[in-house]
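Colleague: My questions will all concern the structure given below.
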Amino acid sequence: MKRLMFPGTFYVGNDILKDFTKLASCYGKKFVFIGDEVSLNVSKDQLASSFEGSDCECTFILGGKLCCTSEVERISNIEEVKNADCICAVGGGGSMDISKAVAWESGKNLVMIPTTASSDAPCTFVSLRYSEDGAHIISDYMHYKCPEMVMIDSKIVANAPTRLIAAGMGDAMATWYEGTACYRNKKEGPQITETAIALCEMCKKIIQRDGLAAYEAVKAKIVTPQLENVVEANCFLSSMGGLNSGNACGHGFGDWLASVEGGHDYLHGERVFVGLIVQMILEKYPMEEILNMIEFGRAVGLPVCVGDVTKEDVKEVAERAGKELQDDHFMVNLNCDYSPNVLSGAILYAQYLADNLEDEMIIF
Ligand SMILES: [Zn+2]
């Protein structure tokens, strides 16, 4: 069996939220928007104005910082939510995970309105649920469909901090390297399609071509074609390529980095980028390509090595990772040796390259 999953529609545009009702009324008449204060502040006026003169209704609900069982239950029990045709997430990962849980458990339509381009969560069919204190993930619910619609206002993205678009690029840049590892590693279950690998490749090409320009555009808070291309890569291609292929060391080591001291302070895509450099070393990519990747990371403020994300001793972290990641569900997708000594060696070598790149000591 082969499988491809996509969201129903995907829109990116400058000031696009004022067109919400026109584009979304095919999904129902009663819409509920769930978001935190910051996300609703930057979007509510435009969304509400799109309902003027239409026969659709809207309700805005404050919440969704953390997707835990009590918050999903609180929101599910709100009268307007029970009566809604369509649940709309506004903002970041928390409101998207909660909206997915609420919509999918009640069979309602689902719309994603991310206010940053920091991750590939908007298009995915996965909803993460955290413990009540947010310390760990207690379940990752996989649905059989992606959201009905994803809508991203590039003006809002351009006005978000640069760190967020950079993190999205860290996550997106890893997509092709990880997808290719999975593609080469023919495992049981649904086979990876040529389409998925082509999407991964397009994702990488866009970030390589437009990544720096998009980063500068966000610095200047200006919407440019390059920025909108990177939004497409970060939010659509990264998730459609990644979900329809798979993950390897980028996410395996990147997710594990959340367990080191200070690792939690880094964003998902930032940690994945550190994992990507290690994967490139393990899989013996040309040194020039690895160094270019480290330079790209430095240019957009991404961490590139363990020493960038923790004050812990790098050797000790490398040794621990080498031992603890042997059975990791993403690492097993690699087609190369990642036995404890080899993996910790690659982590230390990434550190060496990053340290010496700064000193301009690397000689080809
Ligand atoms: Zn990711």
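Computed from the coordinates by the stated procedures, all read-outs in this text should not be read as laboratory data. Here the structure is a predicted model, which is why all the values come from computation and not from measurement. Cβ coordinates were reconstructed from backbone atoms using ideal geometry, including for glycine residues, and neighbour counts include every protein chain displayed.
Colleague: With contacts defined as alpha carbon pairs under 8 Å and 6 or more residues apart, what's the relative contact order of the chain in percent? Walk me through the numbers on the way to the answer.
Modeller: On the way: 741 pairs, mean separation 57.0, N = 364.
It comes to 16 percent, rounded to a whole number.
Colleague: Multiply the residue gap between Arg184 and Leu62 by 0.36 nm, knock off their C-alpha separation, and tell me the result in nm, one decimal place. Numbers along the way, then the final one.
Modeller: On the way: separation 122, 0.36 × 122 = 43.92 nm, distance 4.48 nm.
Residue separation times 0.36 nm, minus the Cα-Cα distance, leaves 39.4 nm.
Colleague: Now a separate question. Please identify the longest segment of the chain free of exposed GluC sites (Glu not before Pro), where exposed means a DSSP state other than H, G, I, E or B and no more than 10 other Cβ atoms within 10 Å.
Modeller: On the way: sites that count: Glu52, Glu188, Glu360.
In the chain, the maximal stretch lacking such sites is 189-359.
Colleague: Could you check what % of the DSSP bridge pairs in the chain are antiparallel, to the nearest 5? Before the final figure, lay out the partial values.
Modeller: Working: 5 of 31 bridges.
Approximately 15 percent, going by the DSSP bridge assignments.
Colleague: Hey, rough spin-label estimate for Glu79 and Asn41, points 7 angstrom out along Cα→Cβ, what's it come to in nanometres?
Modeller: Placing both labels 7 Å along Cα→Cβ, they lie 3.0 nm apart.
Colleague: Mind listing the long-range amide H neighbours of Gly91? Cut-off is under 5 Å, sequence gap 5 or more, other chains count too, H placed in the peptide plane at 1.01 Å from N.
Modeller: Ile113, Thr115
Colleague: May I have the extent of the alpha carbons of the range 9-158 along their three principal axes, as whole Å values ordered from largest to smallest?
Modeller: Extents along the principal axes, in whole Å: 42, 34, 29.
Colleague: Same structure again: Expressed as a rounded percentage, what relative contact order does the range 9-158 have, with Cα pairs under 8 Å and six or more residues apart?
Modeller: Details: 308 pairs, mean separation 43.1, N = 150.
Reported relative contact order: 29 percent.
Colleague: Dividing the convex hull volume of the Cα atoms of the range 119-193 by its residue count, what figure in Å³ per residue is obtained? Display every interim value, and only then the final one.
Modeller: Numbers: hull volume 12.2 nm³, N = 75.
So the per-residue hull volume is 163 Å³.
Colleague: Binning at 10 angstrom from zero up to the longest distance, how are the C-alpha pair distances of the range 253-361 distributed in percent?
Modeller: All Cα pairs, binned at 10 Å, distribute as 15, 52, 31, 2 percent.
Colleague: Could you work out [θ]222 nm for the chain from helices alone, using -39500 (n - 2.57) per DSSP H run of at least four and dividing by all its residues? Round to the nearest 500 deg cm²/dmol. Working shown, then result.
Modeller: On the way: 16 runs with 182 residues, N = 364.
After summing the helix terms and dividing by residue count, I get -15500 deg cm²/dmol.
Colleague: Can you give me the three principal axis dimensions of the range 280-329 from its C-alpha atoms, in Å, biggest first?
Modeller: Between the extreme Cα coordinates on each principal axis of the range 280-329 lie 30, 26, 19 Å.
Colleague: Now, a different point. Set the Förster radius R0 to 30 Å, insert the Cβ-Cβ distance between Ser70 and Lys145 as r into 1/(1 + (r/R0)^6), and round the FRET efficiency to 0.05. Before the final figure, lay out each step's value.
Modeller: Numbers: r = 26 Å, r/R0 = 0.87.
Using R0 = 30 Å, I get an efficiency of 0.70.
Colleague: Another question, then. For the range 162-358, what ratio Rg/Rh do Cα atoms give with a Kirkwood hydrodynamic radius?
Modeller: Numbers: Rg = 15.8 Å, Rh = 16.5 Å.
So for the range 162-358, dividing Rg by the Kirkwood Rh gives 0.96.
Colleague: If you don't mind, there's one more thing I want to ask. Evaluate the chain: find the radius of gyration of its Cα atoms, find its Kirkwood radius, and give the ratio Rg to Rh. Intermediate results must be reported in sequence, preceding the final value.
Modeller: Working: Rg = 20.4 Å, Rh = 20.9 Å.
Computed over Cα atoms, the ratio is 0.98.
Colleague: Using the alpha carbons of the range 131-175, what is the convex hull volume per residue in cubic angstrom, as a whole number? Intermediate values should be presented prior to the final figure.
Modeller: Working: hull volume 7.5 nm³, N = 45.
That works out to 166 Å³ per residue.
Colleague: Looking at the square roots a ≥ b ≥ c of the eigenvalues of the Cα gyration tensor of the range 1-95, which shape do they give, rounded for a/c under 1.5, prolate if a/b is larger than b/c, or oblate?
Modeller: Details: a/c = 1.36, a/b = 1.06, b/c = 1.29.
The shape class here is rounded.
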